[in-house]
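Chemist: What follows is a single structure, and I will ask about it in a moment.
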Amino acid sequence: QVQLVESGGGLVQAGGSLRLSCAASGSIFSINVMGWYRQAPGKQRVLVAGIGSSGSTNYADSVKGRCIISRDNAKNTVYLQMNSLEPEDTAVYYCYVHVRYYSGGPYSGIWGQGTQVTVSS
């Protein structure tokens, strides 16, 4: 019943910027971890960036200095600002959210539908 809706993907020239958004909706009690993964054709899905409930962040080495992950808890939304994009950033980007459905309950991982990012040279 909980759904993640991603937006912000598209085509951009090398050196350009995109801002991805992922909004969670449904019966949510709380959210802790939020993050972004990406998967290029023929490749495994890998972590791009993550952000915890305390605001701590981590980034893949390939995007450090070029990407910023942030969250708006009031909107149950996580963002990924991507700058200085390179053709190697081309992939489907997936939102990932850890959701708790009731007080004291476990957290369950939820995936977004994916949004295509294509960087041309």
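The values are calculated or read from the model by the stated rules, or taken from the named source; none is laboratory data. This structure is a prediction, so every number in the text was calculated from the model and none was measured. Here the Cβ is made from the backbone with ideal geometry for all residues, glycine too, and neighbour counts use every protein chain on show. The area values use the complete protein model at the heavy-atom level, side chains included, leaving out ligands, DNA and RNA. Shrake-Rupley method; radii C 1.70, N 1.55, O 1.52, S 1.80 Å.
Chemist: Report, by residue number, each residue of the stretch 62-83 that is without any contact (Cβ under 8 Å) to a residue 40 or more places away in the chain and of a type outside the set (A, V, I, L, M).
Modeler: Once the filter is applied, which keeps residues that are without any contact (Cβ under 8 Å) to a residue 40 or more places away in the chain and of a type outside the set (A, V, I, L, M), the stretch 62-83 yields Ser62, Lys64, Gly65, Arg66, Cys67, Ser70, Arg71, Asp72.
Chemist: Now, a different point. Can you pull out the residues in the stretch 84-121 that are in a loop (DSSP other than H, G, I, E, B), over 18 Å from Gly35 (Cβ atoms) and touching a residue at least 60 places away in the same chain (Cβ under 8 Å)?
Modeler: Result: Ser84, Leu85, Glu86, Tyr101, Tyr102, Ser103, Gly105, Ser121.
Chemist: Quick one: in the stretch 80-109, which of the residues that are under 14 Å from the mean Cα position of the chain (by Cα) and open to solvent by less than 30 Å² (accessible area, probe 1.4 Å) is farthest from Ala24 (Cα to Cα)?
Modeler: Asp89
Chemist: Let me confirm something: among Gly35, Gly65, Gly15, which residue is of a type in the set (Gly, Ala, Ser) and in a strand (DSSP E or B)?
Modeler: Result of the check over Gly35, Gly65, Gly15: Gly35.
Chemist: Restricting the stretch 18-32 to residues that are part of a loop (DSSP other than H, G, I, E, B) and of a type outside the set (A, V, I, L, M), which is most open to solvent (accessible area, probe 1.4 Å)?
Modeler: Per the stated criteria, the residue is Phe29.
Chemist: Would you confirm, using the coordinates I've provided, whether Leu18 is more than 17 Å from Tyr96 (Cβ to Cβ) and either in contact with a strand residue (DSSP E or B) (Cβ under 8 Å, 6 or more places away or on another chain) or modelled with pLDDT under 95 (or both)?
Modeler: Yes: the conditions hold for Leu18.
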